[in-house]
Amino acid sequence: MIHVCTTGQDDGLVQVFLPHNTGPQHARSSVWVFVLRGKVGMGTGNGGSTGDHDAQSTQIGKWQQLQAPNGVAPANEFIIYATSPGGACFYIDDASVIAP
């Protein structure tokens, strides 16, 4: 489990798992988040072309699983970012990216 607190939008955690412009065209990402403040989004894509809106949190003070296919291809980077203007404070657990 990782605890992340940010003070700005589009700040958070990044995991690069393959070189830029490589990887599968289709992947499915999943992560459990416990949001204390703000909103959190996750995304999977190609380097800096990874949006944080593949799935977004909708609850505060409760574990929630976010799941979605990659919004950008190929899939080589996974992000979990604050999507609210004032940032967010949240826990992350059991993140995965799986290619069929």
Task: Net charge over other residues, Cβ less than 12 angstrom from the Cβ of A55 (K, R count +1; D, E count -1) - done: 0
Open item on the list: Given the whole protein assembly as supplied and a 1.4 Å probe, what does the accessible area of V97 come to in Å², nearest 10?
Closed with: 50 Å²
Open item on the list: I need the phi-derived Karplus couplings for the range 55-71: 6.51 cos²θ - 1.76 cosθ + 1.60, θ = phi - 60°, integer Hz, Gly and Pro marked x.
Closed with: 8, 10, 5, 10, 10, 10, x, 8, 5, 9, 8, 9, 9, 5, x, 5, x
Task: Over the chain, relative contact order from alpha-carbon pairs under 8 Å, at least 6 apart, % - done: 45 percent
Task: For G41, net neighbour charge (Lys/Arg +1, Asp/Glu -1) across residues whose Cβ lies under 13 Å away - done: -3
TODO: Could you compute the FRET efficiency for S96 and H53, with r as their C-beta to C-beta distance and R0 at 30 Å, rounded to 0.05?
DONE: 0.95
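Take the Cα pairs of the range 41-84, get the Kirkwood Rh, then feed it into Stokes-Einstein at 37 °C and 0.692 mPa s and tell me D in µm²/s.
Calculated translational D: 310 µm²/s.
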Task: Among T44, Q25, Q67 the positive-end extreme of the charge dipole of the range 1-70 (Cβ point charges) - done: Q67
- [ ] For the chain, with a Gaussian network of springs between Cα atoms less than 10 Å apart, report the residue from G12, G61, G51 with the top mean-square fluctuation.
- [x] G61
Task: Relative pair counts by distance (%), Cα atoms of the range 25-100, 10 Å bins - done: 23, 53, 22, 2
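The values are calculated or read from the model by the stated rules, or taken from the named source; none is laboratory data. Just so it is clear, the model here is predicted, and its values are computed rather than measured. FYI the Cβ positions are ideal-geometry reconstructions off the backbone, even for glycines, and counts take in every protein chain you see. Note: areas computed on protein heavy atoms with side chains; ligands, DNA, RNA excluded. Shrake-Rupley method; radii C 1.70, N 1.55, O 1.52, S 1.80 Å.
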